[in-house]
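What follows is a set of notes on a single structure, which appears directly below.
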Amino acid sequence: MKREMSYQTVDLSGVCDRNSLHDRLQESLTLPSWYGRNLDALYDALTDAPGPIHICFTAWKEMEEADPAYFKMFRSVLQAIRAELPGSSFLFSEEDSADGSACESAEEAEEAEPGKEGAVKEEEEEEEEEEEEEGEGSAPGCGGGEDDSFFRT
């Protein structure tokens, strides 16, 4: 049975740093005027939603490769949002399609095997990725910026 929900699509092609990520989020999502262009503000803005939210991110590999640490924090924030807003979902499709078919494919894969193929990864998989990412730097031409405080100790 097909879920009765529609995903907002956020195309991340060409996004290679945190500033361009937040630019794209502002362009693609309806975020409040007070959105502060950081992960704390993203969490606050999305958890203010009156109910579950569903977002599909396409063409995200460039961002992940350019700034793996920030991308991992971004995905952790999405997990925290899912915990705060039960029923919410965030899909990641490597495909880039203007017609939304990439999100439909990712949604079908999530329906078939929840937690796999495109859904926000669970902690165990993230720990494996962390080990692989250690020592990797940003891609040339993609800068960092100020650290977000969401996961500071």
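The values are calculated or read from the model by the stated rules, or taken from the named source; none is laboratory data. Predicted model only: the values in this text are computed from it and were never measured. Don't worry about glycine lacking a Cβ; one is built from the backbone with ideal geometry, like all the others, and counts go over all protein chains shown.
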Pairs where the first residue, in the stretch 61-76, is on the phi > 0 side of the Ramachandran plot and among the polar types (S, T, N, Q) and the second is surrounded by 19 or more Cβ atoms within 10 Å (Cβ to Cβ) and not in a loop (DSSP other than H, G, I, E, B), C-beta under 9 Å, 6+ apart:
none
Condition check: modelled with pLDDT under 95, loosely packed, with under 13 Cβ neighbours inside 10 Å and in contact with a strand residue (DSSP E or B) (Cβ under 9 Å, 6 or more places away or on another chain). Does Met5 satisfy that?
yes
Please go through the stretch 11-40 and give me each residue that is surrounded by 18 or more Cβ atoms within 10 Å (Cβ to Cβ), under 21 Å from Pro86 (Cα atoms) and at pLDDT 95 or above, ordered by number.
Leu39
